[in-house]
Amino acid sequence: QVQLVESGGGLVQAGGSLRLSCAASGRRFSDYAMAWFRQAPGKEREFVSAISRIGGSTVYADSVQGRFALSRDNAKNTAYLKMNSLKPEDTAVYYCAAGPRYGSIRRTDYDYWGQGTQVTVSS
């Protein structure tokens with residue numbers, strides 16, 4: 001089992017920045033690829049970004065490419081999502097997830113999920 005806890009969400013003005021953290025415990029962190037998804041009110045949960053087990057590879061949704069940066073520190077069992085140039089349409093609950101395969105955009109490919117952290121971007 002892997003337990004994931006997100007933090008760092010909040011209210012920010014458009015154009016601002018936030019850094020989300022996902023702290024993992026349980027099984028060895030480096031055994032898992034990590035990803036972030038988000039879910040806005042009335043919408044399905046969508047893929048945001050993923051990072052490989054060692055952190056050498058990342059992939060992003062087109063909507064966040066160039067604005068968000070995903071990294072991980074395996075020594076600290078933590079993944080980070082730095083979000084820059086935030087837009088009102090980035091408002092959502094952000095979830096981190098862990099799974100065996102890097103790069104999948106499908107929710108069903110991730111075995112473990114955090115409880116989510118709210119990000120609200122005001123215009």
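The values are calculated or read from the model by the stated rules, or taken from the named source; none is laboratory data. Remember, it's a predicted structure, so these values are computed and weren't measured experimentally. Positions of Cβ are generated from backbone atoms using ideal geometry, with glycine treated the same way; all protein chains shown enter the neighbour counts. Ligands, DNA and RNA are excluded from the accessible area calculation, which covers all protein heavy atoms including side chains. Shrake-Rupley method; radii C 1.70, N 1.55, O 1.52, S 1.80 Å.
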Check: Of all the residues that make up region 42-59, how many are within 19 Å of Pro88 (Cβ to Cβ) and open to solvent by less than 50 Å² (accessible area, probe 1.4 Å)?
Finding: 1
Check: Residue check: is Ala98 open to solvent by less than 60 Å² (accessible area, probe 1.4 Å), free of Cβ contacts under 8 Å to residues at least 24 places away in the same chain and outside any loop (DSSP other than H, G, I, E, B)?
Finding: no
Check: Residues in region 83-91: is at least one open to solvent by 40 Å² or more (accessible area, probe 1.4 Å), within 18 Å of Ser17 (Cβ to Cβ), hydroxyl-bearing (Ser, Thr, Tyr) and more than 15 Å from the chain's Cα centre (by Cα)?
Finding: yes
Next item on the list: Hey, can you tell me all the residues within region 32-41 that are over 15 Å from Gly99 (Cβ atoms) and crowded, with 18+ Cβ neighbours inside 10 Å?
Entry: Arg38
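Of all the strands (runs of 3 or more DSSP E) wholly in region 1-84, which have at least 3 residues that are of a type outside the set (A, V, I, L, M, F, W, C)?
Strands (runs of 3 or more DSSP E) meeting the threshold: 2-7, 18-26, 68-73, 78-83.
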